[in-house]
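In what follows, a single structure is set out as structure tokens and then discussed.
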Amino acid sequence: MPQAFMLGSLVIKTELIMIIASFVIGCILFYFLSPFDKKQTRQLLDTASNILFTLIISLWIGKVLWNIDVFLSDPMAVLTYPSNTMALYLALILTIGYSWWKWIRTFRSYQGHLYVLITIFLLASFLHSFMEQIFFQTSWQYLVGLLILLSYLIACSGKKAPGVLANTMLIGWGLLQMIINAPVFQFAPSLIFYILIVVLGILQKYLHYSNGGRQF
Amino acid sequence: MKKWIIAILLIAMMAYAVIDFLIGNQESENEEVGLDIGNVAPDFELQTLTGDTVLLSDFRGQPVMLNFWATWCPPCRAEMPDMQQFHENTDITILAINLTTTEATEKDVPDFVEEFGLEFAIPMDRENKVADLYQIRPIPTSYLIDRDGVIQFYTFGPLNYEQMMLEYNKLQ
């Protein structure tokens, strides 16, 4: 598999095609796996795709902010450059803030959206990791870890509250990455990031159960 | 029912990936000279900006990054500070081959090197021979070559420091 395709002078990286394909297929698979009714699933998928689109825009903003001195002298140099993990952190903060203000607003709504986003993210990560393994012979340990998480998610989908499952997945994925430390698409988050993810999952689970463990 | 079909599909995909990995590991590497991953990188000799002569095969025994660039290329400019950092933090030999025939004047190259404080070797491809040998189309284009002279990674377009480190760690 070539690393990129050339369309005239345009270079389209295979990695980019793989990431887009993974998320599109992830969204389609979520539609069939969703424990919600069809109307609610469509609404949640609509919002999730808006949040993912916001993340892409935020990554560009994060990349520009992180390289603001280069951007002011040579904008094209920054815009054509791949985003790094610092840009991802900035993008996540911007996306969470904007999404909370624009679409979520309540903790109940947040837990439902978190479930959708986590499921799509895990499915997309699995598909991307599979394609990487097949085309470029990378590591298969991450693939196995993701399969274990997804198997649990699919088996418990509809039986456990989406908020509980989402937080279990956050904890599981964070722990998996603390051990394997596989790249997340093109990014390489630090150990502290994964520790924060695990702590967030535990805190939210605690909040859920201390609130009487109500189903959504 | 749909849930279980998807679960079985995911398990089948993983099984295929693991088998593919194991079979791939058993196959011996195709050590022909070529431009694909697993091929021995084509050898070349060039003079650097400082007047030294570099021969790729002289670097056997150490990892090498070949980077094809020019001063007028915006992504190349963005990539250079990260390449310098990569050079400082690893034992990799970077050969940043300048496509000199595409420069407005050759004087632009030392100015560029001074502006970015580059300390790695800049071989000058004054006759476009190495660019032809490596069939360079978009720039920057980078190759990562292991200690045996075998290509382990190549990419079109810029790499950031994290991506360079990721591929470098795979060479270890």
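Quick look at the numbers
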| item | result |
| --- | --- |
| Count - residues of the range A:169-216 that are open to solvent by 80 Å² or more (accessible area, probe 1.4 Å), in a helix (DSSP H, G or I) and farther than 21 Å from A:Tyr142 by Cα | 5 |
| A:Val164 vs. criteria in contact with a Leu (Cβ under 7 Å, 6 or more places away or on another chain), more than 10 Å from chain B (Cβ to nearest Cβ) and either assigned to a loop (DSSP other than H, G, I, E, B) or crowded, with 18+ Cβ neighbours inside 10 Å (or both) | no |
| Every residue from the range A:37-68 that is of a type in the set (A, V, I, L, M, F, W, C) and touching a helix residue (DSSP H, G or I) at 6+ places or on another chain (Cβ under 7 Å) | A:Leu44, A:Leu45, A:Ala48, A:Ile51, A:Leu52, A:Leu55, A:Leu59, A:Ile61, A:Val64, A:Leu65, A:Trp66 |
| Every pair of residues 6+ apart whose Cβ atoms lie under 6 Å, when the first sits in the range A:169-185 and is more than 20 Å from A:Phe23 (Cβ to Cβ) while the second is assigned to a helix (DSSP H, G or I) and of a type in the set (Phe, Trp, Tyr) | A:Gly174/A:Tyr194; A:Met178/A:Tyr194; A:Ile180/A:Tyr142 |
| The lone exception for B:Asp58 - which of (1) part of a helix (DSSP H, G or I); (2) surrounded by fewer than 17 Cβ atoms within 10 Å (Cβ to Cβ); (3) not assigned by TED's automatic domain parsing to the domain that holds B:Arg137 it fails | (3) |
| Selected residue (only one of A:Phe5, A:Phe30 is buried (at least 16 other Cβ atoms within 10 Å of the Cβ) and either in contact (Cβ under 8 Å) with a residue 12 or more places away in the chain or not in a helix (DSSP H, G or I) (or both)) | A:Phe30 |
| Residue selected from the range A:82-118 under the condition touching a His at 6+ places or on another chain (Cβ under 9 Å) and modelled with pLDDT under 90, by the criterion surrounded by the fewest Cβ atoms within 10 Å (Cβ to Cβ) | A:Trp103 |
| Helices (runs of 4 or more DSSP H) wholly inside the range B:70-172 that include at least 3 residues being more than 12 Å from every other protein chain (Cβ to nearest Cβ) and open to solvent by less than 60 Å² (accessible area, probe 1.4 Å) | B:74-89, B:108-116 |
| Residues of the range B:72-89 satisfying the condition of being modelled with pLDDT of 95 or more and not acidic (Asp, Glu) | B:Met83, B:Gln84, B:Gln85, B:Phe86, B:His87, B:Asn89 |
| Meets criteria (within 8 Å of chain B (Cβ to nearest Cβ), more than 16 Å from A:Ile20 (Cα to Cα), modelled with pLDDT under 90 and open to solvent by 50 Å² or more (accessible area, probe 1.4 Å)) for A:Val78 | no |
| Odd one out for A:Phe121, checked against (1) open to solvent by less than 30 Å² (accessible area, probe 1.4 Å); (2) within 21 Å of A:Leu200 (Cα to Cα) | (1) |
| Matching option when the condition is within 14 Å of another protein chain (Cβ to nearest Cβ), in a loop (DSSP other than H, G, I, E, B) and on the phi < 0 side of the Ramachandran plot, among B:Leu22, B:Leu35, B:Leu9 | B:Leu35 |
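The values are calculated or read from the model by the stated rules, or taken from the named source; none is laboratory data. Here the structure is a predicted model, which is why all the values come from computation and not from measurement. Ideal geometry is used to build each Cβ from the backbone, glycine not excepted, and the neighbour counts take in all protein chains shown. Remember, those area values only see protein heavy atoms, side chains included, never the ligands or the DNA or RNA. Shrake-Rupley method; radii C 1.70, N 1.55, O 1.52, S 1.80 Å.
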